[in-house]
1. Under a 5 Å amide H to amide H cut-off, with H placed in plane at 1.01 Å, what residues pair with Leu243 once short-range neighbours are removed?
2. Tell me the net charge near Ala647. Cut-off is 12 Å between Cβ atoms, Ala647 excluded, with +1 for each Lys or Arg and -1 for each Asp or Glu.
3. Place the peptides 649-658, 45-54 in order of packing, highest mean first, counting for every residue the other Cβ atoms within 10 Å and averaging per peptide.
4. Relative to the present Cα-Cα distance, how much length would full extension add between Asn253 and Thr623 at 0.36 nm per residue of separation?
5. Considering only protein heavy atoms, what per residue accessible area in square angstrom results for the stretch 364-441 with a 1.4 angstrom probe?
6. Along the charge dipole of the stretch 161-257, which of Ala165, Val255, Ser233 sits closest to the positive end, that is, farthest toward it, with unit charges on the beta carbon of Lys, Arg, Asp and Glu (+1, +1, -1, -1)?
7. Each residue of the stretch 597-602 in turn: what ³J(HN,Hα) in whole Hz from Karplus with 6.51, -1.76, 1.60 and θ = phi - 60°, glycine and Pro shown as x?
8. Averaged per residue, what accessible surface does the stretch 117-249 expose to a 1.4 Å probe, in Å²?
Amino acid sequence: MRVSIVGAGPSGLYLAILLRKAGHEVSIVERNAPDATFGWGVVFSEETLGALRDADYATYLEITDSFARWTSIDIRYRGEVLRSSGHTFSAIKRVHLLTILQARCRELGVALEFGTEVSASAPADLVVAADGANSTLRRSADFGTSSTPQGCKYVWFGTDLVLDAFTFVFRETEHGLFQVHAYPFDEHTSTWIVETTEATWRRAGLDRMSEEDSMAFCQSLFAQELGEHRLMSNRSVWLDFPLVRNESWHQGNLVLIGDAAHTAHFSIGSGTKLAMEDAIALANAFVRHPSDVESALVDYELERQPVVERFQQAAGDSAAYFGRVGSHLSLAPIQFAANLLTRSGRISHANLTQRDARFTRVLDAWFAADAAGTPLVPGAVAPPPMFTPLRVGDVTLRNRVVRAAPDLPAAARAGAGLVLTGFVAVSESGRTTPACPVLDESWAPVVKEVHDAGALAGVRLGHAGRRGATRASAGVDVPLADGWPLLSASPLPYTPFSAVPAELADGDMALVRDDFVAAARRAVDAGFDVLELDLADGYLLASFLSPLTNHRADVYGAEPLRFPLSVVDAVRAAWPGLLVARLTVTDWARRGTTVEQGIEHARAVASHGVDLVHVRAGHTTATSRPEYRRGYLTTLSDRVRHEAGVATLVGGYLTTPDEVNTVVAAGRADLCLFEPAPTPLEKAAS
């Protein structure tokens with residue numbers, strides 16, 4: 001098979017090596033010189049090294065013999081240096097990596113041509129676009145390409161300061177926050193990436209500076225860390241990171257690999273890793289399908305696309321974290337470090353304990369001491385964070401675990417600190433289904449059983465609004481044939497088959513508000529400790545908050561918080577205990593409530609006496625599409641907690657103690673809705 005590869009970066013060169021070893025005729029065309037490269041060093045994980053060893057042992061030996069290796073991460077924050085160990089890193093100078101791969105190509109007989117503009121017209125059985133994120137060859141066909149800026153502004157320097165750890169530096173200035181990602185890659189040099197938001201970048205005047213002036217600015221900014229050492233430039237200009245995605249990775253015999261197919265933000269250090277793993281996967285696809293190009297390319301896509309999507313998700317979470325890290329500057333140093341280390345979801349509390357037990361011992365001890373309002377005692381040990389009590393106002397929960405279960409006493413006996421009812425209507429007309437409970441005196445014995453088990457009891461009070469009068473066992477929101485009249489912010493049905501609700505008039509608002517107050521008083525009589533006010537999931541109060549459901553032309557349309565806050569105020573006056581707002585932070589729908597608007601809503605309800613926000617997303621309309629995945633609400637909770645300045649409860653498929661420990665230890669939430677999956681082990685153990 002004749003193979004023409006365009007682009008002599010790591011992915012193109014490594015693919016050429018593997019295909020040539022398999023007996024194919026391979027040529028590479030590259031527009032730049034052999035030693036032209038952007039950046040300084042590249043990082044590899046242990047997993048990737050295993051794949052390189054198995055794919056081509058000769059280059060594996062040369063690459064690993066040239067590595068700088070380290071096991072620690074240093075976080076420089078608020079005058080402290082926090083070190084976490086047990087993280088295995090290996091890095092190599094990018095130019096040296098290219099030299100090794102070029103030499104191996106020549107040794108195997110790959111035709112290398114540098115300084116030549118790319119072309120899609122070269123006759124070949126397989127044409128490979130390995131020419132980077134701005135691929136010219138990719139433009140010759142329709143791959144469904146998107147390329148959008150991701151994360152902050154950044155500039156990639158080198159420095160003659162040889163670090164002994166992957167180093168993060170956070171520096172507050174009059175312009176805003178700057179941060180550094182730095183790591184060694186040989187015995188003389190380290191990579192030094194400076195990053196900041198575009199607003200800070202502009203306030204500092206960096207948009208108007210030359211390359212030399214920009215480097216001098218950064219040299220001065222980080223003089224304390226650099227000391228007598230200097231920054232070095234390699235076309236080091238401020239950039240936006242391009243997030244590249246392609247719906248398809250091949251068209252005919254033309255296939256994309258590496259950055260031409262996808263990019264992953266540099267803050268998780270996986271670009272070169274993914275590119276070389278692409279090469280391995282593509283070469284292996286031709287081992288399985290040696291005479292069928294189409295089958296091999298389909299096989300390659302099916303293997304690599306899911307892997308890359310997971311990395312892009314983690315990289316996107318990491319990039320977004322650094323874009324808003326300024327909101328975390330109130331965190332204590334040890335918790336800030338934990339939040340940073342677990343930002344992408346690839347490291348958890350348990351994983352961090354496995355890597356560095358000393359770090360998590362101190363983290364857990366600090367967390368317990370902080371919750372108790374006492375100083376950290378050197379050498380202290382404490383239970384994992386999920387078992388640390390939480391005090392909010394006059395209410396103390398024995399741990400950070402919340403369960404929402406039909407059998408509240410059983411959930412309490414299972415160890416939860418707080419057990420919550422499902423949706424309980426404030427009135428008959430506010431029910432979701434005919435079987436939906438309305439709060440009355442029958443709850444008192446249940447609450448007593450919960451208290452006897454050592455937990456607190458919470459009731460979720462709401463009015464179904466346009467999601468009312470549905471059938472309990474016929475699927476979600478299937479309307480009753482003979483339901484009751486519905487109310488909502490605007491006369492918009494929840495589904496195409498739902499009844500059209502009446503627009504809530506001023507008189508009806510007063511009645512609904514009175515229903516909430518009366519239900520709150522019944523909750524006091526029943527002995528509940530926590531009242532959760534439902535302003536989420538498309539129910540009545542939530543329908544005022546979203547532009548998708550509030551089309552009013554009156555003051556309640558102009559001020560969507562007006563009626564919900566009036567209910568919050570009335571309930572707060574009647575309810576002496578812990579008040580929680582179950583709040584939709586984003587609709588996850590076009591023209592719906594944005595995260596920024598949701599954070600403003602959280603800030604507003606907190607200013608009206610809400611003690612804690614239960615973070616929700618989606619379900620405002622029947623067509624909304626929440627991004628369901630494990631922990632999918634955690635980042636939203638993190639933002640609400642730090643940007644709105646209110647305690648949070650978060651769920652989102654948190655099914656293991658490790659996930660709960662990770663969330664609360666890092667300060668992403670104060671309480672977690674724990675949803676353990678049923679397992680036959682429980683029956684066997686009993």
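The values are calculated or read from the model by the stated rules, or taken from the named source; none is laboratory data. Note that the structure is a prediction, hence the values are computed from the model and not measured. Note that we place each Cβ from the backbone using ideal geometry, even for glycine, and neighbour counts take in every protein chain shown. Protein only, heavy atoms only, side chains kept; ligands, DNA and RNA dropped before computing areas. Shrake-Rupley method; radii C 1.70, N 1.55, O 1.52, S 1.80 Å.
1. Under 5 Å from the amide H of Leu243: Thr148, Gln150.
2. +2
3. Ranked by mean Cβ neighbours within 10 Å, highest first: 649-658, 45-54.
4. 129.3 nm
5. Per-residue value: 45 Å².
6. Farthest towards the positive end: Val255.
7. For the stretch 597-602, the Karplus curve yields 5, x, 5, 4, 4, 5 Hz.
8. 45
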